[in-house]
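A short reminder: the numbers here are calculations on the coordinates, not readings from a lab. Not measured: the values here are computed from a predicted model. Cβ sites come from the backbone with ideal geometry, for glycine too, and all protein chains shown count toward neighbours.
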Amino acid sequence: MKQLDTLLRPPFALASAIRHARVFHAHGVTAQGHAELGSHWWPVQGRIPVTARLSKGLGLPGPLPDFLGLAVRLHLAGGPWDLLLVTAQSRIILWPALSWSRARYSSVTAFRTRDTEALTWMLAEPEAGQPGTGSLAALADGDAPHFTLSLARARGPAKPAGRLSLDLPTDVPDDLQPSFDPVLNRPDGVDMWPEWVADARRAAYGAGRAGRDTEAPTPPWDTRA
């Protein structure tokens with residue numbers, strides 16, 4: 001852990017300070033909504049309010065393909081659970097996409113509960129019939145996106161696990177948008193795998209917040225359940 005801190009914190013803190021923004025996924029739009037989680041694989045079930053952020057990983061202009069991000073904060077009674085998904089092929093291969101509504105998303109890193117060793121990846125796929133756009137401005141001016149949520153194990157097909165429904169995204173200034181951290185904000189008893197990736201993300205996210213002088217904010221619209 002100390003070695004990762006020493007390796008990752010200086011460059012991420014410096015890059016964030018120079019840019020005054022996140023190193024990756026610097027620009028995005030936010031939305032409120034809810035998730036309906038019905039699978040017994042989830043540590044939580046039912047209808048849960050969410051805050052979401054859709055972003056472009058590299059920040060490439062206009063409709064150019066990019067690594068599109070879907071960050072979701074589940075507002076649970078015991079505290080927030082942050083899920084970060086990115087456009088990917090299969091479970092672990094990051095893949096650029098042209099449009100949020102025509103891509104598949106994965107958590108890339110897996111989760112497991114402490115009472116089982118089974119690894120679970122979280123997947124999202126836009127529901128059919130939604131207009132395609134790769135522009136943040138067009139996304140904020142378009143229709144509210146909806147996603148089918150699935151869970152996948154190391155082998156076998158993914159299984160439907162719920163639905164994510166978002167309100168119309170709002171173009172909130174980037175420096176006022178919520179900061180998501182899937183390592184710190186997760187239910188007790190749920191661990192990220194592999195652990196070294198979780199340690200690396202913890203160091204990178206913490207350094208990035210320090211570089212732009214931000215502490216995992218809870219904006220006025222980001223109300224907890």
For the peptides 165-178, 183-196, what is the packing order when you average, over each peptide's residues, the other Cβ atoms within 10 Å and list the highest mean first? 165-178, 183-196
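Determine the sum of side-chain charges near Leu83: Lys and Arg each +1, Asp and Glu each -1, restricted to other residues whose C-beta is under 10 angstrom from that of Leu83. It would help to have the intermediate numbers written out before the result.
On the way: positive: Arg73, Arg186; negative: Asp82.
Combined, the nearby Lys, Arg, Asp and Glu give +1.
Less than 14 Å Cβ to Cβ from Pro157, Lys/Arg counted +1 and Asp/Glu -1: what total charge do the surrounding residues give? Before the final figure, lay out the partial values.
On the way: positive: Arg91, Arg104, Arg153, Arg155, Lys159; negative: Glu125.
Combined, the nearby Lys, Arg, Asp and Glu give +4.
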Peptides ranked, highest mean first, by Cβ atoms within 10 Å: ranges 84-96, 45-57: 45-57, 84-96
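Would you mind estimating how fast region 61-130 diffuses translationally, via Stokes-Einstein at 4 °C and 1.567 mPa s with the Kirkwood radius over Cα pairs, in µm²/s?
Working: Rh = 13.4 Å.
Using the Kirkwood radius from Cα pairs, D works out to 97 µm²/s.
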With unit charges on the beta carbon (Lys/Arg positive, Asp/Glu negative), name the residue among Ala128, Ile93, Pro178 whose Cα is farthest towards the positive pole of the charge dipole of region 78-179. Ile93
